[in-house]
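Enquirer: Dropping a structure here in structure tokens format, bear with me for questions.
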Amino acid sequence: MNKLTQLDENLKKGVALIEDSAFVKEMLSSNKERVLALYTEYLRYCYHYVSLSSSFTPLAARRLDTKHLHVRKWILEHSGEELGHELMALNDLKKLGVDPEVVKKEKAPIGVTGYVSFFHYKVAIDNPWCAFGVLYLLEGMATALAPKIAKNVATHLGDIKALSFFKEHGDLDVDHMREQQEVLTKADLTEADLADIARTILETAHMKRFMLDKLVESVKG
């Protein structure tokens with residue numbers, strides 16, 4: 001069986017779980033006021049979780065056996081590309097009339113705290129290969145859902161160009177997903193490692209869904 005088969009099966013289940021969320025359903029709706037309110041809040045969440053978690057993944061590279069040199073290098077390179085992406089969210093928020101300085105001083109919402117804590121556990125305590133489970137879900141989800149959500153948001157934004165964070169991750173994650181699949185295909189993985197990655201994909205989907213559900217709860221309709 002192809003090494004990625006189980007991962008792709010769990011990715012499909014994970015994306016379906018996110019797609020069924022109130023957040024995604026409302027972001028694809030024709031209710032302009034609701035879409036923009038949720039989108040603005042989403043950018044706030046993005047700023048907090050990216051700024052808190054973008055430096056986590058190298059912990060997995062450090063913990064992997066030194067024989068996995070290529071894998072460790074890829075993790076570090078990928079992490080470097082993610083650094084600073086929170087600034088895109090701040091720039092988009094500014095275009096939407098939100099003061100970036102206010103956002104930077106805020107405490108992270110509980111949904112973000114839960115997601116970030118989970119991410120840290122996976123790369124710092126659990127099997128370091130679990131980092132790929134987190135990334136596989138996030139990048140697969142972005143590849144599947146970001147383009148159509150961004151298209152609907154753009155319709156409601158009109159002339160306001162505040163989609164840099166969404167567009168960057170929709171485009172960049174397609175390449176990252178392809179690279180990640182290549183890395184995992186070539187890697188010297190045990191059956192236990194593969195099982196841990198597959199399990200983490202579904203766990204990440206549930207944690208992402210938790211964060212999005214909390215986001216929707218915080219934006220009164």
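Enquirer: Sort 81, 203 so the one with the fewest other Cβ atoms within 10 Å of its own Cβ comes first.
Expert: With the fewest neighbours first, 81, 203 line up as 81, 203.
Enquirer: Moving to a separate point now. Please arrange 153, 98 by counting, for each residue, the other beta carbons lying within 10 Å of its beta carbon, fewest first.
Expert: With the fewest neighbours first, 153, 98 line up as 98, 153.
Enquirer: Sort 159, 65, 92 so the one with the fewest other Cβ atoms within 10 Å of its own Cβ comes first.
Expert: Going from sparsest to densest Cβ surroundings: 159, 65, 92.
Enquirer: Which three extents, in angstrom, do the Cα atoms of the range 20-142 have along their principal axes, listed largest first?
Expert: 52, 33, 23
Enquirer: Return the Cα extents of the range 34-76 along principal axes one, two and three, sorted largest first, each rounded to a whole Å.
Expert: Largest to smallest, the principal-axis extents are 50, 15, 10 Å.
Enquirer: List the pairs from 32/220; 32/95; 25/167; 67/186; 12/208; 3/25 whose alpha-carbon separation is above 21 Å, in the order I gave them.
Expert: The answer is 3/25.
Enquirer: Could you bin all the Cα-Cα distances of the range 108-221 into 10 Å bins starting at 0 and give me the percent of pairs in each, rounded to whole numbers?
Expert: Final binned percentages: 13, 35, 35, 13, 3, 0.
Enquirer: Another question about this same structure. What full-extension length gain, to one decimal in nm, is calculated for residue 87 and residue 117 as 0.36 nm per residue of separation minus the Cα-Cα distance?
Expert: Gain on stretching residue 87 to residue 117: 8.7 nm.
Enquirer: Continuing with this model, one more query. In deg cm²/dmol, rounded to 500, what helix-only [θ] at 222 nm does the chain give when every DSSP H run of at least 4 residues adds -39500 (n - 2.57) and the total is split over its residues?
Expert: -26000 deg cm²/dmol
Enquirer: Spelling out what I want: for every residue of the range 22-30, take phi, set θ = phi - 60°, compute 6.51 cos²θ - 1.76 cosθ + 1.60 (Karplus), and round to whole Hz; glycine and proline get x.
Expert: Residue by residue, the range 22-30 yields 4, 4, 5, 4, 6, 5, 9, 8, 9 Hz.
Enquirer: Alpha carbons only, please: Rg and Dmax for the range 1-56, in angstrom.
Expert: Gyration radius and largest Cα-Cα distance of the range 1-56: 15.5, 48 Å.
Enquirer: For the chain, which longest stretch is free of loop sites, where a loop site is one of the trypsin sites (Lys or Arg not before Pro) that DSSP puts outside H, G, I, E and B and that has at most 12 other Cβ atoms within 10 Å?
Expert: The segment 1-66 is the longest one with no such site.
Enquirer: Something else about it: Magnitude of the Cβ-charge dipole of the range 5-218, K/R +1 and D/E -1, about the Cα centre, nearest 20 debye? Intermediate results must be reported in sequence, preceding the final value.
Expert: Working: 27 positive and 32 negative charges, 77 e Å.
Computed about the Cα centre, the dipole is about 380 debye.
Enquirer: Let me ask something else about it. Residue separation times 0.36 nm, minus the C-alpha to C-alpha distance between residue 5 and residue 161: what's the value?
Expert: Gain in length upon complete extension: 52.3 nm.
Enquirer: Relative contact order for the chain: what percent, with Cα pairs under 8 Å and sequence separation of 6 or more? If you can, show how the numbers build up before the last one.
Expert: Working: 267 pairs, mean separation 81.8, N = 221.
37 percent.
Enquirer: Based only on Cα atoms, what Rg/Rh ratio does the range 5-218 have, Rh being taken as Kirkwood's radius?
Expert: Taking Rg over the Kirkwood Rh, I get 0.96.
Enquirer: Round to the nearest 10 and give me the degree value, 0 to 90, for the angle of helix 5-19's Cα axis relative to the longest principal axis of the chain.
Expert: 20
Just so you know, all these numbers are worked out from the coordinates, no wet-lab data involved. Nothing here was measured: the structure is a model prediction, and the numbers come from that model. FYI the Cβ positions are ideal-geometry reconstructions off the backbone, even for glycines, and counts take in every protein chain you see.
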